[in-house]
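Take a look at the structure set out below.
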Amino acid sequence: MAEAAPLYDTYSRAPLRFERGEGVWLITESGERYLDFGAGVAVTSVGHGNPHVVAALKEQADKVWHLSNIYEIPGQERLAKRLTDATFADKVFFTNSGAEALECAIKTARRYQFSKGHPERFHIITFEGAFHGRTLATIAAGGQEKYLEGFGPKAPGFDQVPFGDIEAVRAAITDATAAILIEPVQGEGGVRPATTEFMKALRRICDENGLLLILDEVQTGVGRTGKLFAHEWSGITPDIMAVAKGIGGGFPLGACLATAEAASGMKAGTHGSTYGGNPLAMAVGSAVLDVILAEGFLEHVRDVALVFRQGLASLKDRYPDVIEDIRGEGLLLGVKAAVPSAELLQAIRAAHLLGVPAGDNVIRLLPPLVVTAEEAREGLARLERAAESIRAAKIKKTA
Ligand SMILES: *Cc1c(COP(=O)(O)O)cnc(C)c1O
């Protein structure tokens, strides 16, 4: 505790001190093993200490750590080529985080409208319950009062409507609208998937009104939902997409992807980053993609996700007093608690299972994508123990 004092008090931290990670496991300083079904927050996609990724980082560390973007960087060109080959996109800008990827996405959309002779079109429609990061622009985009309070006037140009309400979207469009921004599955908002019909309708509305569709796939991307990107489930493609978290597997890396048309306003000098596209990050990102894009890997994610989800559904049936609902896609799963979610999170932690809090009384279970069916069943067994302990405590209270 004494050592923590010089840190900002911005986090209320769990009293756990991890020293090592191995695959889906985290090991504390005192040697206790925890099953890590938080994976950071959907970050360590290929597990802790993945040998292929560690080797790539070490190899690059021996060559060169840092190069300025005033030079050509072959690692960036290679990773951008792989990302554009695998997606709708033609262009990539590398960042160090999700919020920076969103900042680039927002700037790209505004600049597109500007370059088409519409500088007045800078508003972006966003959705209630959204989370897009903690910079001044992204807290305005997310629109959550708890993140905006006390930080001065909310950055202008973000118009928020209820999630899933297509009529509200139509009504919010004005001559100043540039784009629509949405997470295909709201993560922090409580693991709330947008329906296929809604995603298709947004695409149509953007096309009809000369708007750009921006997807925030920072949490849903890079295999998390069982497709390389979550929008593939709905059969539509965006104009711009923000990516981070899983793509670096734990190394700070994000990316803004766009079609050539959407990125056409981003000329030399319009944007930049000191560390974005750092050679170490490029080596890691490419090694992570080796794993995710390997033949059969996404099928593995879908198969394990099915096992895990069926197990969760069975737990919900057997413990309706503890678990109200199971939701999500692939290995981005939410357990809506029938008790305060903090209580459930505490109980699974006592069973040495790690999850992540979310809105709407949900805890997120986001195992590394390399999780095996056996490890998923181990997670289910621990969740069951947690549910059992909550039930036992309730019975004791009423007795
Ligand atoms: C985590 C997250 C962000 C912000 O990413 P940072 O790397 O923390 O800046 C943005 N959008 C979504 C959907 C996220 O889950």
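The values are calculated or read from the model by the stated rules, or taken from the named source; none is laboratory data. It should be emphasised that the depicted structure is a prediction, and the values quoted were computed from it without experimental measurement. Cβ coordinates were reconstructed from backbone atoms using ideal geometry, including for glycine residues, and neighbour counts include every protein chain displayed. Note: areas computed on protein heavy atoms with side chains; ligands, DNA, RNA excluded. Shrake-Rupley method; radii C 1.70, N 1.55, O 1.52, S 1.80 Å.
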Item to complete: Evaluate the relative contact order of the chain (contact order divided by residue number), counting alpha-carbon pairs under 8 angstrom at least 6 apart; express in whole percent.
Response: 22 percent
Fill in: For D159, residues with placed amide H under 5 Å, excluding near neighbours
I124, I125, T126
Discussion item. Using only the heavy atoms of the protein chains and a 1.4 Å probe, how would L289, L136 rank by accessible area, largest first?
Written reply: L136, L289
Worksheet item: Among E217, E343, E32, which one shows the biggest mean-square fluctuation in a GNM of the chain, springs joining Cα atoms closer than 10 Å?
Response: E32
Fill in: K81 accessible area, assembled protein chains, probe 1.4 Å, Å²
110 Å²
Worksheet item: Roughly what % antiparallel, to the nearest 5, for the DSSP beta bridges in region 64-292?
Response: 40 percent
Discussion item. If I histogram all Cα-Cα distances within the chain using bins 10 Å wide from 0, what percent of pairs lands in each bin?
Written reply: 5, 22, 31, 26, 12, 3, 0, 0
Response to the item:
Here the gain from full extension of S273 to T10, 0.36 nm per residue of separation minus their alpha-carbon distance, amounts to 92.1 nm
Worksheet item: In terms of modelled amide H atoms, which long-range or inter-chain residues lie less than 5 Å from the amide H of S97?
Response: G254
Worksheet, complete the sentence: Asserting the computed 222 nm helical MRE of the chain (DSSP H runs at least 4 long, -39500 (n - 2.57) per run, divided by residue count, to nearest 500) equals -12000 deg cm²/dmol
Worksheet item: If you plug each phi of region 326-332 into the Karplus form 6.51 cos²θ - 1.76 cosθ + 1.60 with θ = phi - 60°, what whole-Hz ³J(HN,Hα) values come out, in order, with x for Gly and Pro?
Response: 10, 9, x, 9, x, 9, 10
Worksheet entry | Among beta bridges that DSSP assigns inside the chain, antiparallel share in %, nearest 5 | 65 percent
Fill in: Other-chain or far-sequence residues with amide H under 5 Å of W25's (modelled H)
D36, H48
Practice prompt. Name the aspartates and glutamates eligible as straight-distance cross-link partners of K396: C-alpha to C-alpha under 14 Å, and not fewer than 8 places from it in the same chain.
Written response: E388
Response to the item:
Under a Gaussian network model of the chain whose springs join Cα atoms within less than 10 Å, the largest fluctuation of L215, L202, L148 belongs to L148
Discussion item. Could you derive backbone 3J(HN,Hα) for region 171-186 from the dihedral phi with the Karplus parameters 6.51, -1.76 and 1.60 (θ = phi - 60°), listing whole Hz in sequence and x where the residue is Gly or Pro?
Written reply: 5, 7, 6, 10, 5, 9, 7, 9, 6, 10, 10, 8, 8, x, 10, 5
Practice prompt. Mind checking which aspartates and glutamates have their Cα closer than 18 Å to the Cα of K63? Skip sequence neighbours fewer than 8 apart in that chain.
Written response: E72, E77
Worksheet item: Taking the Cα atoms only, what angle lies between the long axis of helix 74-86 and the longest principal axis of the chain, rounded to 10 degrees?
Response: 80 degrees
Discussion item. I'd like the per residue volume of the convex hull spanned by the Cα atoms of region 341-399, given in cubic angstrom.
Written reply: 75 Å³
Fill in: Degrees separating the helix 98-115 axis from the principal Cα axis of the chain, which is the longest one
20 degrees
Worksheet item: Of E329, E149, which has the most accessible area and how do the rest follow, probe 1.4 Å?
Response: E149, E329
Item to complete: For a quick protection proxy, order the peptides 365-375, 162-172 by their average other-Cβ count within 10 Å, most packed first.
Response: 365-375, 162-172
Practice prompt. With a 4.7 Å Cβ cut-off, tell me which Cys residues in the chain come up empty for a partner.
Written response: C206
Practice prompt. For region 64-292, with all protein chains present and a 1.4 Å probe, just round the carbon and sulfur fraction of the accessible area to a whole percent.
Written response: 54 percent
Worksheet entry | Filter on K154/K336; K200/K316; K81/K116; K91/K245; K107/K267 - keep pairs with C-alpha separation over 22 Å | K154/K336; K200/K316; K81/K116
Worksheet entry | Residue order for V362, V64 - accessible surface, 1.4 angstrom probe, largest first | V64, V362
Worksheet item: At a probe size of 1.4 Å, how large is the accessible area of T274, to the nearest 10 Å²?
Response: 100 Å²
Worksheet, complete the sentence: Scalar couplings 3J(HN,Hα) for region 196-212 by Karplus 6.51 cos²θ - 1.76 cosθ + 1.60 (θ = phi - 60°), nearest whole Hz, x for Gly and Pro, are 4, 4, 5, 4, 5, 5, 5, 4, 5, 4, 4, 5, 5, 10, x, 9, 9
Discussion item. Looking at the chain as a GNM with Cα springs under 10 Å, which of T225, T174, T135 has the largest mean-square fluctuation?
Written reply: T174
Discussion item. If I fit a long axis through the Cα atoms of helix 373-398 and take the longest principal axis of the Cα atoms of the chain, what angle between them do I get, 0 to 90°, rounded to 10?
Written reply: 60 degrees
